[in-house]
1. Let me check the size of region 157-215 from its C-alpha atoms; what are the radius of gyration and Dmax in Å?
2. At a 10 angstrom cut-off on C-beta neighbours, averaged per residue, how do the peptides 208-214, 132-138 rank from highest to lowest?
3. Evaluate the Debye formula for region 202-268 with equal point scatterers sitting on the alpha carbons, no solvent, and hand back log10 of I(q)/I(0) at q = 0.15 Å⁻¹, in q order, two decimals.
4. Stretched out fully, how many nm does the piece from Leu54 to Asp102 gain, at 0.36 nm a residue minus the Cα gap?
5. Percent of accessible area on the chain owned by carbon and sulfur, 1.4 Å probe?
6. Say the cut-off is 19 Å between C-alpha atoms; which of Lys175/Lys276; Lys276/Lys306; Lys47/Lys100; Lys46/Lys263 go over it?
7. Given Cα pairs under 8 Å that are at least 6 residues apart, what percent is the relative contact order of the chain?
8. Once the Cα atoms of helix 255-272 and of the chain are each reduced to a long axis, what angle between those two axes, in degrees from 0 to 90 to the nearest 10, is obtained?
Amino acid sequence: MPMTSVQLLTLTCFCYVFPRHSNLITSLLPIPSDLSIQLPNTLTMKKPQSSATLTDLGYSHMPRGWYDAQGSGFSIDYGRYVGDGNAANPTRWAVALAGKTDQYDGSYSEPDNSLLMPNCWGIQSSATLTDPGYSLMPHGWYDAQGSGLNIDYGRYVGDGNAANPTRWAVALAGKTDQYDESYSEPDNSLLMPDHVCLRGNQMKSLIDAEWPNTRVSNQTYADRTYHCLSVQNAKDIWNKSGLGGFKWTAESFDCDDFSYVYKGTVSKHVYELKLKIPYTVGVVFGYNSKEGHAVNIFIDEGYNVKILEPQNGTVIDGKDWDYKPNFVLM
């Protein structure tokens with residue numbers, strides 16, 4: 001439930017005071033304090049279409065897949081053959097362009113089929129990434145190309161002899177060559193165990209990109225690394241929380257309390273499963289011209305920012321929330 005004007009005033013004070021009293025937490029974060037830093041390309045990159053607009057996957061027996069139609073450098077446009085094969089609706093190549101809502105852009109021709117990727121962002125799968133490297137040496141997913149996401153896989157490969165020396169090689173997203181040697185081994189703290197893992201500064205970039213006209217200046221990340229959470233898992237955890245049986249009660253159990261309980265349930269879920277990395281779930285406070293409100297925020301496995309209303313378990317895209325966010329706590 002929305003907050004009163006008095007509660008909103010209190011929240012505003014809390015939002016600006018809390019970070020200054022979080023020296024222990026903020027000192028652990030991989031987020032530069034320099035506000036003039038250049039954030040990853042995710043801020044300006046167009047977002048791939050989701051199932052909300054991309055409903056026609058095309059013919060499965062004909063070429064289709066994700067590729068770079070717009071020249072972004074990443075496989076975030078989905079092309080395939082569509083149509084009924086008649087004069088009224090002929091079979092044709094159509095592309096669901098990232099950043100658009102029209103899934104039938106007909107201004108592109110079918111590309112070389114080797115460029116068509118089975119998944120968004122062109123993350124290499126077992127079809128091309130067959131060499132995981134040495135398990136006892138540094139390896140993992142990281143952002144080699146500057147996408148702002150950990151979608152490139154680097155590791156040490158080779159036999160250790162002159163003919164095939166041990167070396168750092170990267171399976172770049174959007175490519176089929178798993179042995180790109182033009183990159184050096186990065187700081188090992190940047191290597192993630194999965195491509196759906198994000199660091200705090202990467203999450204900040206995604207959140208800022210979701211609300212480009214609103215500066216979410218207060219964002220606090222208590223952990224170094226987070227694992228993306230699917231929408232279905234987010235809903236399943238809400239069902240487990242028991243919040244559906246609680247009623248909003250002014251002051252003692254209102255919107256912020258609902259969001260705290262859901263966040264706590266997620267943390268408990270991670271603990272019970274003995275997971276090593278927490279989920280990308282937090283609490284977000286926002287406001288509009290009438291009131292303030294608190295809900296939960298998370299990033300799904302497609303790198304989409306989602307809002308979960310803990311009072312009823314519904315999930316929407318962040319951009320569709322009726323409030324402007326001003327504080328995020330992960």
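1. 16.7, 55
2. Values: 208-214: 15.1, 132-138: 12.7.
Sorting 208-214, 132-138 by mean packing, highest first, produces 208-214, 132-138.
3. For region 202-268 at q = 0.15 Å⁻¹, log10 I(q)/I(0) is -0.69.
4. Working: separation 48, 0.36 × 48 = 17.28 nm, distance 0.83 nm.
Length gained between Leu54 and Asp102: 16.5 nm.
5. Details: 8800 of 16530 Å².
Looking at the chain in its full context, I get 53 percent from C and S.
6. Lys175/Lys276; Lys276/Lys306; Lys46/Lys263
7. Details: 624 pairs, mean separation 53.5, N = 330.
It rounds to 16 percent for the chain.
8. 50
The values are calculated or read from the model by the stated rules, or taken from the named source; none is laboratory data. The structure presented is a predicted model; accordingly, all values stated were derived computationally and were not measured. Don't worry about glycine lacking a Cβ; one is built from the backbone with ideal geometry, like all the others, and counts go over all protein chains shown. The area values use the complete protein model at the heavy-atom level, side chains included, leaving out ligands, DNA and RNA. Shrake-Rupley method; radii C 1.70, N 1.55, O 1.52, S 1.80 Å.
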